[in-house]
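Notes follow once the structure below has been shown.
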Amino acid sequence: MTLLSTRRLSKDFGGLHAVRGVDFDLPEGQIRALIGPNGAGKTTFVGLVCGRIAPTSGSVRFAGDDISRLPAHRRIRLGIAYTFQITSVFARLTCGENVALAVRRRGGDPDREVPAALDRVALAAHRHRLAGDLSYGHQRLLEIAMGLAQSPRLLILDEPTQGLSDSEIEAFKSLIRELGGQTTILLIEHNMSVVMETADIVTVLNFGEVLAEGPPEAIRADRAVQAAYLGTG
Amino acid sequence: MSDAGKSLALHLGLLALLFALQFVLPAYHHGNLSRIMVLATYAIGYNLLFGYTGLLSLGHAMFFAAGMYGMGLTIRHLGLSPGPALLIGVLSGLALSAAVGALALRTAGVAFMIVTLMFAQAGYLIILYFGDWTRGDEGFVIQQAQRVLWGIDLSQPTARYFAAWTLFATCLILSLRLIRHPFGKTLIAIRENEDRARMLGYDTFRHKLGAVVLSGTISAAAGAAYGLLFGYAGASFATVQYSILPLLWVLLGGAGTLIGPFLGTLFTFYLIDIASGLTTAYMLVVGVVLVLITLFARQGIGGEIRARVWAWLP
Amino acid sequence: MEGNVEAMEFGPYLMLASLEGAVTAAVLALTAVGLSLVFGVMRVVNVAHGEFFMLGAVLAWAVASAVGGPPALGFLAALLVAPIAVGLIAAAADMTILKRVEYDPERTIVVTIGLLYIIQQATLMTYGPEARPVEPPFNARLALPWITWDGGPRLYWPWGLSTTTYKLAVIGAAVAVLLGVWLLMTRTKIGLIMRATQLDREMAQAFGIPVERIYALVFGLGAGLAALGAVLIVPIQQAHYLMGGDPLLLSFIVVIIGGLGSLPGTVVAAILIGMSDGIISVFFTPTLAKILATLLVALVLVFRPQGLFGARPA
């Protein structure tokens, strides 16, 4: 079943076509990586999907329903979780409260679920610390924990491994593989080893358009992708 | 003792102290403290919006005045007894804050401040415009005979002190419970990072509207009580000055602390009281304190206590 | 024509109201352009702006009475000294206070509220509560004609339709000063620097523009324009320590309706509001007119934040 699909989705900023007529289908249970050079429109695209940005034209369907006109918070309530590219935690609240806010919104039990969510990203020891006092990498992990705590049907991760150490990236890969069975994941990622080892299918955006789509190996071999990405022929 | 236990002990201790003080205070300070408790209730209402939700209103006098006039006008012109009149005062504040909130919350930041300021100014002018009923700037007295609630004469100092204490205690405990409640915690999250709260699926507009209504209603309750306890309603309570004062009280006492509104009101009240004995330009104190806090003590008294002594202070 | 000279007809009355309105509009345009300039370049709202206006009027009285001699001499001295003195005071306030709150929009509003009380109350302590006039430098009465139809067009001189040379001079002076401000902003290097700072503060700083000094200059200039407006009006009205409230409110209205930070929009709105003030008062009481104006401002901010004349940004 297709969980998320967009049709002719476009966004112009003034004269700039950030996203151009994107048709995108994401089947339930898949791990999809969204890659592309800087400025390809990846963050704008997921912003359109979860309602942070209003599209110029086109539609978004989620679990069979047209959600194009729903405000962001209503889309989140349908089961989309979004973690920010630029870390956006509640800096002056504790890590535990950050995650609890995600748990409470869907009526979960914070006492039970907060430690579990923090444990999955190895932050359980930091539960009572202020989020703003964490290192940058740990704040990224806290973002992921907040995403997980929402038990979403679709988890959108915008460059989650940026600023993580090598060992944290390894832990992140296994976390994603583990989630793969239960949650549909849309992953914007620059780190190609993460993409190659976790994604089922890779979509490449370039100048706001879908340039290629396919299994990681095929994408790696695709000459057009190499040209766009590496700037070499 | 747990943090929640400590904070409960502190706030109940404050209420007990205030209750006990009525037996020892000389008449002058006894009367002052009655006023301070009602005004601190107004500050508690203001703090829910400013301190806990992060919305700075410059127009709360309209809610205070809605309570005062909702109560006063129905007593004066409809001959209502104090009970129903108080209720109408509170409901006036509720209705007004819902309407103003629904409009003003379409803006944010500086625009929100100016929109609330303008609505409050319009409210003040409306009181003047209907001077035949409100008696405008001059205001009107609520007679002693009209201030008997359930057989208790609220013009008597003891009854008045007890009524003010009851109102203050109710609102203090109410807000203590609120910030432990998921709704209150969501308000704090909105204050800290509204975009993130929205992207966790919270309807931030409805939460903020809830905060405006709660804050406006408590302010109106304080206004209605003030009019009834001290027997007077006048347009001066609807002026910009009465929108600035709760901001000052909360800033001085510590925004986003429960005890802050009371501390700030207490200090400001006596500061103005002392200054007005020295000069007619006693509002100078308000200006100087506003500037000094903004420059040097952004967290106010309560915030400094939290930062230095009691980290658990809610 | 029957001989009822007591009641003026509607046509002549409208002309008289328009002339009075033009004087109001002229002074309002100066004051509001000062506020708009500060908001435009510095992105802060100066709530103490009305007090700088008041300070201009009070200093004008002080200078004029200190100079003595013929009225024209005292007035001329006031015209030079008062705006510059007020500008310097404002620049000093900018450097000592606004700079320290880092021009944070909300904190700036709070400290300028503090400044409002400080200036106003300090004036009360020194200048006192009296209203005092300044003599105009010249004040010849000019009777004005009106056209009537009496078998053919005929000029006549309705009783009471007149203005003074001084009022016409106020209008002329305001036009000249506004032209000067426009030339300053568009044709000079300092204007270019101000506009660059307005567009992108960080970038301006990176290009070596001394942003702090530009801010002090703009804040001083804004306050100086308000003071100049006050000096011009003080021979018609009187100087009083509470006279800053109305100019502040009206400037807010003008700046918001004209589109925040837009100088041409501000001038258009000032003319509209100033002119209609006199004409509206034919139909409404002043209080009702103010109620409608404040509500209009609130609703403009809610539904058309770019102002009535501004274009919606892309």
Name, by its number, the condition in (1) buried (at least 18 other Cβ atoms within 10 Å of the Cβ); (2) more than 13 Å from chain C (Cβ to nearest Cβ); (3) more than 22 Å from the chain's Cα centre (by Cα) that does not hold for B:Thr265. (3)
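Restrict the check to the range A:205-216 and report whether at least one residue is over 21 Å from A:Arg104 (Cα atoms), under 16 Å from the mean Cα position of the chain (by Cα), crowded, with 20+ Cβ neighbours inside 10 Å and not hydroxyl-bearing (Ser, Thr, Tyr).
yes
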Selection from the range B:21-31 of residues more than 14 Å from B:Phe168 (Cβ to Cβ) and surrounded by fewer than 16 Cβ atoms within 10 Å (Cβ to Cβ) yields B:Phe23, B:Val24, B:Leu25, B:Pro26, B:Ala27, B:Tyr28, B:His29, B:Gly31
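Got a sec? Which of C:Ala293, C:Ala289 is among the small types (Gly, Ala, Ser) and surrounded by 22 or more Cβ atoms within 10 Å (Cβ to Cβ)?
Every option except C:Ala293 fails the conditions.
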Could you say whether any residue in the range A:147-154 is of a type in the set (Ser, Thr, Tyr) and away from every other protein chain (no Cβ under 14 Å)? no
Could you check the range A:19-53 and list, in sequence order, the residues that are surrounded by fewer than 20 Cβ atoms within 10 Å (Cβ to Cβ) and over 20 Å from A:Arg75 (Cβ atoms)? A:Arg20, A:Gly21, A:Pro37, A:Asn38, A:Gly39
Subset tally (residues that are surrounded by 13 or more Cβ atoms within 10 Å (Cβ to Cβ) and either of a type in the set (D, E, K, R) or assigned to a loop (DSSP other than H, G, I, E, B) (or both)) for the range B:126-136: 3
Kindly indicate the residue of the range A:25-42 that is over 22 Å from A:Glu197 (Cα atoms) and touching a residue at least 24 places away in the same chain (Cβ under 8 Å) and also nearest to the chain's Cα centre (by Cα) among those meeting that condition. A:Gly41
Whether any residue in the range A:96-110 is modelled with pLDDT of 90 or more, assigned to a strand (DSSP E or B), more than 29 Å from A:Thr198 (Cα to Cα) and outside the structural domain of A:Thr161 (by TED's automatic domain parsing) is what I want to check. no
Test of understanding: among A:Leu175, A:Leu179, A:Leu187, A:Leu157, which residue is outside any helix (DSSP H, G or I), closer than 24 Å to A:Leu3 by Cα and more than 14 Å from chain B (Cβ to nearest Cβ)? A:Leu187
Identity of the residue in the range A:44-86, of a type in the set (Ser, Thr, Tyr) and closer than 20 Å to B:Phe205 by Cα, that ends up farthest from the other protein chains (Cβ to nearest Cβ): A:Ser68
Taking helices (runs of 4 or more DSSP H) that fall entirely within the range B:137-208, which contain at least 2 residues that are within 14 Å of another protein chain (Cβ to nearest Cβ), touching a residue at least 12 places away in the same chain (Cβ under 8 Å) and of a type in the set (Val, Ile, Thr)? B:182-192
Residue match in the range C:59-66 (condition: facing chain B (nearest Cβ under 8 Å) and over 20 Å from the mean Cα position of the chain (by Cα)): no
When the range B:69-108 is examined, which residues are found to be within 14 Å of chain C (Cβ to nearest Cβ) and over 21 Å from the mean Cα position of the chain (by Cα)? B:Leu103, B:Arg106, B:Thr107, B:Ala108
Could you please find all residues in the range B:268-314 being assigned to a helix (DSSP H, G or I), within 12 Å of another protein chain (Cβ to nearest Cβ), under 21 Å from C:Val110 (Cβ atoms) and among the hydroxyl-bearing types (Ser, Thr, Tyr)? B:Thr294
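The values are calculated or read from the model by the stated rules, or taken from the named source; none is laboratory data. Worth saying up front: this structure is predicted, and the values here are computed from it rather than measured. All Cβ positions, even for glycine, are placed from backbone atoms using ideal geometry, and neighbour counts span all protein chains on display.
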